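Enquirer: Input: one structure, supplied below.
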Amino acid sequence: MFTPPRARSQRPAPLALAALLAAAAGCAESSGDASGPPDARAAGGATPDAAVADGGREQGGEEAGPDAAADATPTPRGDAGSAPDVDASADPGPDAAVPPSGCVPCAAGHAQVTADLHRLHFDLLMSRVEADPARYVPLVWASPEATGGDRRGLAGTLPAPGYLGVVGAGRVVAWAGHEGAFGGEGDGRVDNDAFRERLFTWLLGGGTRIGFSTGHGEWLGLDGFSPAVRGLLEGRGLSLTTVTAPLDAAALGDVDVLVVGNPWGALDDAEISAISTWVEGGGAALVLGLGWSWRGNNDDPRADRYPVQRLGRRLGFEVMDGAIFDPGAPAGTADLPAYDIRPLSAYDPLPLVVLRAAETDVARVKTLAAERPDAVYVIEGEHMGLSLPNADWAELADPAAAVSALDRIYTAELALTGGVHPPFGGDMVWAMGVDAPDAPWWMHSGNPIIFQAAAARAEIIPRLNAEGHPGWGLAHEHGHNMHISACNDLFVPSFMVEVWPNVFGLYSYRENGWDFAPQMGADLFERGHAYHAEPAPDFARLADDPFILLGCFDLLLGRYGWEGMSRFLTTAAQDAAIGVTPGDDAARIAYLVEGLSRAYGVDLAPVFAHWGFPLTERTRETTGGLPAADL
C-alpha cells in the first residue's frame, strides 16, 4: 500500500494471497496492503489432497487490434466476456447491461430461491464468478462500490459470488464465494439458512438424494456441511450421502444433486466429462470454488489446472482470481460485503469500454466519457491500462502519453527481474479508481491496481500532465505486484512488505529519468543513511519504518550499483517460475542475505547484522567465503 510522504509509516503486513491478486495473482487489498486473509486460507476444510490434474484452456479477456478505433469493445459488466461486441459510440439501450433473456428457467429459479429473503452475510473473503449469460443468472451481488479483485472486476460490476444456471437438461449452482459459506459458520445469521436450503430445493427438482463428492481433496464434504441446513433437508426426508471417487456414470446415478466442495486434488478428465454429461442429461450440481485461494497457493495464474475451473469451463462458468471487497456495504469485517438479496431486474451493471493500442483510439476516451457517462472506460497500452472517474478524463492532457507512462513503469520493473516471470502470467495490468471516502490516500496492488478515485484529480492527473508520470504511488503498487506475483515473496519477511515496492519504484524512476523529489522529498534516504551510521541501531525502528531500510539499500546501490540487485531479483523470479515457495521469516531473511551476497559477490551478512537482522550461523557460513562488503 502506498503511503504518501506526509504520513510515512509501516503499514500492516500483506495478507497471504501471494499471486493476486495478487492476486497474484490478482490480488485485492483492503486497509493496508491486503491481498487476502491473514492465513493462506480463511475458513474451510482440512488440508486438501496432493496432485492436481492438468487440463483446461487458457482464460482470455476481450481482445482487439490496433485498428479498433471505430469500434471499441464494451462488455456488459458482470458478463462472462462472451457478450456480443457493441459499438462504443452507440447508445447501449435499456437492455445492454442486463443478462440476455435466453434463460427463462434461470430467472424462475432465481425468484424461487430468493423470494421474500433480504440479506446474506458470510464473514468470508469471496471470489466472484463469471458465467455464460445465456445459461446463468447471478444469484446475489455486491454494491456498485464493490470490486471483484481482477481486471474485469471494476467498480460498478456488481460482482457476484454465485450464479444459478440451466445447462442442457440439468441445473447448476456455481459458488466461488468461499466453500465455507456452506459450512456451519454462517448458520442462524440473517437469511443464510433459508437461502441455502432453497438452493438445494431448486437443484433437486423432484429428487431426494444429495451426494457430496469425496476423494479429490475437497475442502468441504458432508462432515463439514452446515448443521442447520442439513437438519432442514433431512427433516424433509431427503438423504445426504457421500459419493466416492471415481465419479463415473454409475456413481452419479445414485444421486440427484452432486456437491463438488472445492476439490484441490486429482479430479481427472474422465470424471469431469462424466459430471458434465450427467448434468446435461438432467443431473444437478452445486460446484464450490475459491479463485483467490487457488491462485495464491499455486503457480497457476490462469487456473488452468484448478479442478473447479476445469469443470466450470465445461459447464459454462469461470472462477475469477481476486476477492470481492465492498467499502459501500461492509458486514462484520471492514470491506467484506453483506449481500442484499434483490430481484434480477435490479441487476444493472455498467457497460465497460476498453480503448486499445492506437493513439486515435485511446484519444476518443474524453469524447466518449462526456457523451456516455453511464459507461466505465479503460485505455490500454502494451502492458497496462488506466481507468479514471469519467469526469476526470477531461482533465487529462494526453491519454496516450498517460498509458505509455504506465507501460514504462511496468517495463522497467519487469526488467529488474530479467523479465523471466511476469506478474499474473503476463496479463494486462489495469489501474483504476474506486470511491473510498474514508481513506483518501488508499491504494493497493493486484490486478487491477486500485486507487482512491479522488487521488486521480489530486495527484495522478496533475503529475501526468506536468511531469509525465503518474506519481510514486502507482509505481509502488506495481512494485508490490513484482515482489508478490513475479517473485513469490521469496525474500520478503513480514517487516519488509513496504520496502520492496519502493525498491522497484525507485528503479522505475531511475530508468525513466523521473524525479521523485517533488512528491517524496529530496531527503528520502536520509533516515536510512543516519541509521546505518549509528554504532548500534535499533532494529525495531527499521522494522517500523520502510524508508529506513530503503535508505540503507540506497547505500548498497550507491556503492555497488543495480546490477547485483537485478541478478538477485532475476534469480528469485526464476525460482518462483519453477514453483519454489517461501518459508517463514527466518527462511526469507536467509534467502535475501545469501542471495544478495552471491549476486554482488561480497559478504553482506555483517552489514545486515549491523542493521539488526537476525541471521543464522548457516547464513554467516554461506556468505563468509566472499570478500567483505565495503559499506
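The values are calculated or read from the model by the stated rules, or taken from the named source; none is laboratory data. Since this is a predicted model, take the numbers as computed values, not measurements. Using ideal geometry, Cβ is built from the backbone for each residue, glycine included, and neighbour counts are taken over all protein chains shown. In case anyone asks, the SASA skips ligands and DNA or RNA and just uses the protein heavy atoms, side chains included. Shrake-Rupley method; radii C 1.70, N 1.55, O 1.52, S 1.80 Å.
Enquirer: Please go through segment 138-168 and pick out each residue that is of a type in the set (A, V, I, L, M, F, W, C), open to solvent by 10 Å² or more (accessible area, probe 1.4 Å) and either modelled with pLDDT of 95 or more or more than 16 Å from residue 329 (Cα to Cα) (or both).
Expert: Across segment 138-168, the qualifying residue is only 166.
Enquirer: May I ask you to list the residues in segment 494-514 that are touching a residue at least 40 places away in the same chain (Cβ under 8 Å) and not in a helix (DSSP H, G or I)?
Expert: The answer is 497, 498, 499, 514.
Enquirer: A further question follows. Out of the residues in segment 278-314 that are touching a strand residue (DSSP E or B) at 6+ places or on another chain (Cβ under 8 Å) and charged (D, E, K, R), which is least open to solvent (accessible area, probe 1.4 Å)?
Expert: Applying the filter and picking the extreme gives 295.
Enquirer: I've got another one for you. Considering only residues that are touching a residue at least 60 places away in the same chain (Cβ under 8 Å) and of a type in the set (Ser, Thr, Tyr), look in segment 561-594 and name the one that is nearest to residue 607 (Cα to Cα).
Expert: Selected residue: 591.
Enquirer: Applying the selection to segment 529-572, what residues are part of a loop (DSSP other than H, G, I, E, B) and surrounded by fewer than 17 Cβ atoms within 10 Å (Cβ to Cβ)?
Expert: 534, 535, 536, 538, 561, 562
Enquirer: Just for segment 188-243: of the residues that are touching a Ser or Thr at 6+ places or on another chain (Cβ under 8 Å) and of a type in the set (A, V, I, L, M, F, W, C), which one is surrounded by the most Cβ atoms within 10 Å (Cβ to Cβ)?
Expert: Once the filter is applied, the top-ranked residue is 210.
Enquirer: Given the structure, is residue 369 at pLDDT 90 or above, part of a helix (DSSP H, G or I) and either surrounded by fewer than 20 Cβ atoms within 10 Å (Cβ to Cβ) or in contact with an Asp or Glu (Cβ under 9 Å, 6 or more places away or on another chain) (or both)?
Expert: In short, yes.
Enquirer: Check 205, 211, 183, 162 and return the single one that is over 20 Å from residue 129 (Cβ atoms) and touching a Leu at 6+ places or on another chain (Cβ under 7 Å).
Expert: None of the others qualify; the one that does is 211.
Enquirer: Go through the residues of segment 320-328 one by one and say whether even a single one is open to solvent by 10 Å² or more (accessible area, probe 1.4 Å), at pLDDT below 80 and not β-branched (Val, Ile, Thr).
Expert: Checked segment 320-328: at least one residue is open to solvent by 10 Å² or more (accessible area, probe 1.4 Å), at pLDDT below 80 and not β-branched (Val, Ile, Thr).
Enquirer: A follow-up question, please. Of a type outside the set (Val, Ile, Thr) and closer than 24 Å to residue 487 by Cα: is that true of residue 433 in this structure?
Expert: Considered against the rule, which asks whether it is of a type outside the set (Val, Ile, Thr) and closer than 24 Å to residue 487 by Cα, residue 433 comes out as no.
Enquirer: Would you be able to say whether some residue in segment 329-346 is over 30 Å from residue 195 (Cα atoms) and either at pLDDT 90 or above or not basic (Lys, Arg) (or both)?
Expert: No, segment 329-346 has no match at all.
Enquirer: Can you name the strands (runs of 3 or more DSSP E) wholly within segment 379-466 that have at least 2 residues being over 21 Å from residue 361 (Cα atoms)?
Expert: 429-434, 449-452
Enquirer: Of the numbered conditions (1) of a type outside the set (Ser, Thr, Tyr); (2) surrounded by 24 or more Cβ atoms within 10 Å (Cβ to Cβ); (3) over 17 Å from the mean Cα position of the chain (by Cα); (4) not in a loop (DSSP other than H, G, I, E, B), residue 491 satisfies every one except a single condition; which is it?
Expert: (4)
Enquirer: What number of residues within segment 393-435 are over 17 Å from residue 466 (Cβ atoms), open to solvent by 30 Å² or more (accessible area, probe 1.4 Å) and of a type in the set (Ser, Thr, Tyr)?
Expert: Number satisfying all stated conditions: 1.
Enquirer: Continuing with this model, one more query. Among the numbered criteria (1) closer than 28 Å to residue 458 by Cβ; (2) open to solvent by less than 10 Å² (accessible area, probe 1.4 Å), which one does residue 510 miss?
Expert: (2)
Enquirer: Additional query: What pairs come up if the first residue lies in segment 521-545 and is within 21 Å of residue 493 (Cβ to Cβ) and touching a residue at least 12 places away in the same chain (Cβ under 8 Å), the second is among the polar types (S, T, N, Q) and open to solvent by less than 80 Å² (accessible area, probe 1.4 Å), and their beta carbons are under 8 Å apart, counting only those six or more places apart or on different chains?
Expert: 543/10; 544/9; 544/10; 545/9; 545/10
Enquirer: Determine whether residue 185 is in contact (Cβ under 8 Å) with a residue 40 or more places away in the chain, under 16 Å from residue 258 (Cβ atoms) and acidic (Asp, Glu).
Expert: Judged against the criteria, residue 185 is not a match.
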